[in-house]
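Some notes on the structure that comes next.
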Amino acid sequence: MAGWSGSASGSRPSTVVVPWTVAVLVLFLLLLVVVRLPWAGDLGLHAATVERLRHSLTDPGNPLVDADTPSPYYSPWTVVLGAVAKAGGASVFVVLRLGALVGLGLLVTGVWRYVRTLGAHRAAPALALLCLLLLWGTEVFAWSGFLGLNSLALTVAYPSVLALGLAFHLWAGLASAVGGGGGWGEWLGLGVLWAVVLLCHQFTGVVASLGAVAVLVAGRRAWRPAGARIVGGAALGAGVLWVWPYYDFFALFGAGGGLEAVHRPLYEDLAGRYWLVLAGVVALGVRWGRDRWDVLVLFFVLGVVVVGAGGVSGHWSWGRALPAVVIPAQVAAAVEVLGAGRRGVRAGSACVLAGALAVGAWTQAGTVGYVVGRGVLPGVVEAKYREPWQGYHWITPWVRYGDVVMARVRAARQIPAYGAYTVAPGYPDFFLPDEGRRGTAVRRYFGEGASAEERWGILRAYGVRWVVDREGGVVEGLRVVARGPGGQVLYAVVP
């Protein structure tokens, strides 16, 4: 892999061919993943959001429960997907696959554009993409907004992937505008793009904002001639956030409480999850030695400050800014290993990075299972594979759109994807005023101490028509309708 080293003008063919070939193979794997679309995490939430918009683009209501409340999941992207589903009549999961292809395309082209602002080597974009996907650690985890290969495979249909792609385009556009002066139209367009990223995925919007600040600070000499246009673009972006009709963006600043416990795991096992990124941190040190105002170094420092402040203060949701720490280091590793320098240093750096990427690829090898299935995997790879969720399509012959289902938290995260509502949302909902009461009602219904009369009162209060529970659960006044995987049962509420 030492053939990766070399300058843009004097590189051997393998310097370009090898990274691009590997990158294309990895992207082909992700395309196959899109076809399979493994179910895990928040996929049901995003499917439910598109389903509500397909039925009503102007007044979709809460995506998870039968309530007329706004939701931050109604973003410009989900509105587009809802309109596509409404106009074309395709199922929600077909539309999500189409959305995944668009998001993946924007991510790849965004990385290419951004990396080209940092280095001219033809292999740099491909190598940067490989670093973004593989240069993590030896503990696999998945979280929206995090670009590890396994994480991306499980979140490829999420709005966060599209938002990350747009973020890379935003940084590339800002670098171009700063470098070339940029007219009013360019800066205003960038302001709107910044707002769209924030509306599509708020946490990725924070990462995008930190990267944008880094670009502007690194190009600070352009501020004087372009100052009014920069302010104008930012003001227009803020205006778009202010007038977005589906939810109050600025109300999210008061959403702290319920999000902190969910995000505390982001601060766990940092060494195991990220130690391969140290290769990029070394590259950042090299860049800082050349330029104290280097854009990637600034981006990295801003990310460290936000994430570190979250860890110290107990604001665990600030850990969602971790991509602002990881991305600049990963990109720096790719750009620096292909940069100018003594041949021996370049060859040694290339070998270290190739080894780190190989370790990262092996760690995430279980991702192949989302394409070929568990039974085909070799034993050592199968051990790395994590079975995706099975979904609740088995209830759809009976449960109709808008029906209310009593279900525990895990089931409540998936059932709304098929058009039904649950009594309590499977995810924290800042805009739902009776969220706590709904959660208490579900726990009370399934609790051992509840009387039959109390359970019936809960079912009537929320208009419940169906109950999903495990075999041998609560059965008073219920009729078995269907049995699903894992010992689950669909019960009809007998009037």
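Things to note:
- Nearest-0.05 FRET efficiency for Glu471 and Val380, computed from C-beta distance (R0 22 Å): 0.05
- Model label points for Ala83 and Leu25, set 7 angstrom from Cα along the Cα-to-Cβ axis, are 4.1 nm apart.
- Listed by number, the DSSP H helices of the chain that run 20 Å or longer by alpha-carbon position along their axis and have mean Kyte hydropathy of at least 1.6 are 13-36, 184-200, 202-218, 295-313, 323-337.
- Counting only protein heavy atoms and a probe of 1.4 Å, the accessible surface of region 305-360 is 68% carbon and sulfur.
- For the pair region 417-448 / region 26-67, the C-alpha centres are spaced 19 Å from each other.
- All other residues whose Cβ lies under 14 angstrom from that of Ala126 are scored, Lys and Arg at +1 and Asp and Glu at -1, for a net of +3.
- Cα centre as origin, Lys/Arg/Asp/Glu Cβ charges: the chain dipole, Debye: 1280 debye
- Considering only the chain, percent of DSSP beta bridges that pair antiparallel, nearest 5: 70 percent
- Approximating the spin labels as points 7 Å out from Cα along Cα→Cβ, the Tyr401-to-Val304 distance works out to 5.2 nm.
- Stokes-Einstein D (µm²/s) once Rh is taken as the Kirkwood radius of the chain over alpha-carbon pairs, at 37 °C in 0.692 mPa s: 136 µm²/s
- Protein heavy-atom accessible surface, 1.4 Å probe, per residue over the chain: 42 Å².
- Solvent-accessible area, 1.4 Å probe, carbon plus sulfur percent, for region 369-495: 53 percent
- Table column - 3J(HN,Hα) (Hz), region 462-479, Karplus curve with 6.51, -1.76, 1.60, x for Gly and Pro: 10, x, 6, 10, 9, 10, 10, 8, 6, 4, x, x, 5, 10, 4, x, 10, 10
- Considering only Gly472, Gly484, Trp456, and ranking their Cα positions along the charge dipole of region 444-495 that arises from unit charges at the beta-carbon of Lys, Arg, Asp and Glu, the one farthest toward the positive end is Gly484.
- Antiparallel DSSP beta bridges within region 344-495, as percent of all bridges there, nearest 5: 65 percent
- Residues of region 404-425 with amide N under 18 Å of a point placed 7 Å along Cα→Cβ from Glu387: 410-411, 414
- Here the accessible area is traced with a 1.4 Å probe on the protein chains. For region 146-258, carbon and sulfur cover 71 percent of it.
- In the chain, the calculated helix contribution to ellipticity at 222 nm averages -18500 deg cm²/dmol per residue, counting -39,500 (n - 2.57) for every DSSP H run with n ≥ 4.
- Annotation for Arg36 and Ser91: the two label points, set 7 Å from Cα along the Cα-Cβ direction, are 1.8 nm apart.
The values are calculated or read from the model by the stated rules, or taken from the named source; none is laboratory data. Just so it is clear, the model here is predicted, and its values are computed rather than measured. Here the Cβ is made from the backbone with ideal geometry for all residues, glycine too, and neighbour counts use every protein chain on show. Side chains are part of the model used for accessible areas, which takes the heavy atoms of the whole protein and leaves out ligands, DNA and RNA. Shrake-Rupley method; radii C 1.70, N 1.55, O 1.52, S 1.80 Å.
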